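Input: a single structure, listed below in structure tokens.
No value in this document is a laboratory result; all are computed from the given coordinates. Keep in mind it's a predicted model, so treat the numbers as computed, not measured. Here the Cβ is made from the backbone with ideal geometry for all residues, glycine too, and neighbour counts use every protein chain on show.
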């Protein structure tokens, strides 16, 4: 298990798992995270699988047994099954990425609002297909807590989060939100490579580069990607040149553009 957790600058922390296993102490890095690798024994893993495939951890000040700082969870994913890789902004959360002013307001000033009907669709997939969920966004990792609360409070299935590392000195914050085309493939591709026997469904929207990103991945991993769903927020039909180019050499039965969540009652088109 490789972990990356937020911590105070210069603070050494102790990571303790639900199986009462402690990780070596690590000092936080310059981007404000603690990074390290922890190997879980088979006996511990068997115990944890009994608790809904979730490994829980507690992050405490060093030395071990210090004051508890935060808790979290790691989702264990089996080698075979169905995974849903879902975008967040304008796919399950109303962000209005195409309007920069509205994007900033919806991200920092207003309560997060779900896309109506998407939670029910995802919950049905989790229930009937035992799907695992991976939420991928170019949003910075500093938004993890409110995004995780949004997913929980609005009835979306729990899942892993894959957010962008970001520091103020690295450049424009807005540019980080608006440039997923270089970030997302580098997050999704390792998931596909790590789980070669799992089938994947990719869900995104037309406001950014999801069609182009997903199309390229479908050509690279044709046997793993079982379906692509694109939520229409730009008013383009499937016959639009953009889609025809994005999904070149991708079977038309593998991808679909939708307006209403009621159109995607099953994981694959």
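Worth pointing out:
- Remark: spin-label model distance residue 154-residue 120 equals 1.5 nm, labels positioned 7 Å along the Cα→Cβ axis.
- Label-point separation in nm, residue 113 to residue 127, each point 7 Å along Cα→Cβ: 2.6
- Pairwise label distance in nanometres, residue 265 with residue 253, each label 7 Å out on the Cα-Cβ vector: 2.0
- In terms of its alpha-carbon gyration tensor, the range 82-263 comes out rounded; the largest-to-smallest axis ratio a/c stays below the 1.5 threshold.
- A straight line joining the Cα centroids of the range 188-248 and the range 89-123 runs 20 Å.
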